[in-house]
1. Can we say residue A:111 is surrounded by fewer than 23 Cβ atoms within 10 Å (Cβ to Cβ), facing chain B (nearest Cβ under 9 Å), over 26 Å from residue B:152 (Cβ atoms) and without any contact (Cβ under 8 Å) to a residue 60 or more places away in the chain?
2. Which of the residues spanning segment B:184-208 are touching a Gly at 6+ places or on another chain (Cβ under 8 Å), of a type outside the set (Ser, Thr, Tyr) and on the phi < 0 side of the Ramachandran plot?
3. Quick one: would you say residue B:64 is modelled with pLDDT under 90 and closer than 29 Å to residue B:122 by Cα?
4. Return the pairs, sorted by first residue and then second, in which the second residue is in a strand (DSSP E or B), the first residue lies in segment B:87-112 and is touching a residue at least 60 places away in the same chain (Cβ under 8 Å), the beta carbons are less than 7 Å apart, and the residues are 6+ apart or on different chains.
5. Looking at the structure I just gave you, is residue B:200 within 13 Å of chain A (Cβ to nearest Cβ) and out of contact with any Lys or Arg (no Cβ under 9 Å at 6 or more places or on another chain)?
6. Just one of (1) more than 8 Å from chain B (Cβ to nearest Cβ); (2) closer than 23 Å to residue B:145 by Cα; (3) modelled with pLDDT under 90 trips up residue A:86, so point out which.
7. Taking the conditions exactly as written (buried (at least 21 other Cβ atoms within 10 Å of the Cβ), modelled with pLDDT of 90 or more and in a loop (DSSP other than H, G, I, E, B)), does residue B:305 satisfy them or not?
8. Report, by residue number, each residue of segment B:119-149 that is buried (at least 21 other Cβ atoms within 10 Å of the Cβ), within 12 Å of chain A (Cβ to nearest Cβ) and polar (S, T, N, Q).
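The values are calculated or read from the model by the stated rules, or taken from the named source; none is laboratory data. Computed from a predicted structure; not experimentally measured. Every residue, glycine among them, receives a Cβ derived from its backbone with ideal geometry; neighbour counts consider all protein chains shown.
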Amino acid sequence: MALAWSPGAAYDGSMKRLALALFALLVAAPAGAATVVTATVEELARSADLVVRGTVEARQARFHGARIYTTLRIRASAAWKGSAAEVVEVEIPGGVVGDVGQKVSGVAAFAEGEEVVLFLRRGGGAAYGVMGLSQGKFRVEGDTAKNEVGGLYRLEKPIPPGERVAEEMPLAELERRVRSAR
Amino acid sequence: MSRARAVRLGLAAALLLAAGSARAQLPAFTRTTTCDPTADSLYYQHGRALWWPGAPPTVTWWLYTGSVPPGCGDLATLDALTTASFATWSQRADCPSGVTSGFSFAHTSANQTSDAAFGVAGRNLVTWRKGLCSALQAPQSACHSTHTCQDTTNCWDETGTIGSDVLALTWVSFSASTGQISHADMELNEWNGLSGAASAGYSYTCSGPRSSTPPIIDACACSASDADRGGCGLASTSCVWADVGSIVTHEAGHVLGLDHPASGCPTSCAETMAPQISLGSTSKRLLSTEDVKGICTIYPNNGAATQLEHPTGCSGGSPSPSVRSTRSCGCGGDPSAALWALLGPLAFLRRRGGRPHLHGASLTRSAPKG
């Protein structure tokens, strides 16, 4: 026992119950939140034309008709699915052209120089698109892959056994899940 | 469990709780800003907040009537629920200030296919896109690369960036220098009427009650494979799947200038502007207290919108600490209060044990702020 204050049995029992209650509540909350994510890594990987790891080199926004799209240049370091050119062009909805901005909630943010893993689908033109908006983008931070799905309006659905939702996880696990997805 | 382990668990829980409470102090409603969300991950804390002009503003939205989800039965039902969803945000009489909010939505309709074109000036479109553009337009059509296929066929432009797995999109156009909104289009990805592998889109439904006791669950029966394609309760008007009322109410919040709550889930899960909803739920048809604070803060009375410029401009940098304290926000509710009710006795036990350094301010005082 490492408690430095009154070591009475009543306190000990209270502490145990309180600690367990708090721990259960704190663990339960994020788990509940995670169930709303609709896409698993495996689902994204199966549907993707290309899963690439690389670095954001440059970005440019322009109009397509009345819509603004931003084109990103990704310098690829590895292709986990498909075959990637040295530089991959990715188009995302929204952006700013001159004084005109367009916002689409749920689109992932990209910073120049950022290392990412992207689940991509071939678009109508030369550029790829990120699958599931921000669900298909992971930011590489050391040995961890992080994605930000908080901006997405998602519908709950069951998660297939053995699969994992597209959420923060070790980079090695993300790669393993992508490469083993069938 | 040993006492030492109990202590470690308690301390770990307290640390997690402190971190959670910091998140809980983020605004429970969040205004969309001028910063480019594709470049600035903290765009909602930078730049200028978006606003509609007018004193007070009245924004007219156009319903494209050429596409009616089978789950709504007929146009009149769809029109009524869509209208009610927008009206939920109009002239709220329950603002905390006691003054009715000034913002109003008005609506009209159009039924020509060309009326479903994206980005027509003066026409804030609401349309249920039906069928994938890749299936309805020839592969060699130039409209795929220019993202204009939907303008002639009201299809869902899933090629590339916007996948078939996206339920709904609202595009808000604005001045990057002033934040003034000029236009907004709402596109909803309706079930294409096909089954099996050819099925695409989501089965929108109009049934279900408006209730102040969320969540309301009356989900359509379906198999897991159907659920993958959003096709449950196909064409049924007696169950709830992708609820028109909840989703349009949420998207209408984007139209008027609200973003998803920065505080995130689980703090803000129940809000209409939270980015989650359960299939079969109609719970987002009614606004939460924080949603109401949002509309009332942006459009507080019969005058113009409240202007808000964050101290930090658009960039990828971290916000200064003053940003959170100076932004206009709804920081009232603290859903972690129930957890703090449990932590209170924990801190009390520590005090009685004569270890004052264990109940520092970060454990006992920071969370209840509201």
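1. On the way: surrounded by fewer than 23 Cβ atoms within 10 Å (Cβ to Cβ): yes; facing chain B (nearest Cβ under 9 Å): yes; over 26 Å from residue B:152 (Cβ atoms): yes; without any contact (Cβ under 8 Å) to a residue 60 or more places away in the chain: yes.
It is true that residue A:111 is surrounded by fewer than 23 Cβ atoms within 10 Å (Cβ to Cβ), facing chain B (nearest Cβ under 9 Å), over 26 Å from residue B:152 (Cβ atoms) and without any contact (Cβ under 8 Å) to a residue 60 or more places away in the chain.
2. Result: B:185, B:189, B:190, B:191, B:192, B:200, B:206.
3. So residue B:64 does not fit the description; no.
4. That search, which allows pairs on different chains as well, returns B:89/B:105; B:105/B:59; B:105/B:61.
5. Details: within 13 Å of chain A (Cβ to nearest Cβ): yes; out of contact with any Lys or Arg (no Cβ under 9 Å at 6 or more places or on another chain): no.
Answer is no for this residue.
6. Among (1) more than 8 Å from chain B (Cβ to nearest Cβ); (2) closer than 23 Å to residue B:145 by Cα; (3) modelled with pLDDT under 90, the lone unmet condition for residue A:86 is (3).
7. Values: buried (at least 21 other Cβ atoms within 10 Å of the Cβ): yes; modelled with pLDDT of 90 or more: yes; in a loop (DSSP other than H, G, I, E, B): yes.
Yes; evaluated as a whole, the condition is true for this residue.
8. B:137, B:148
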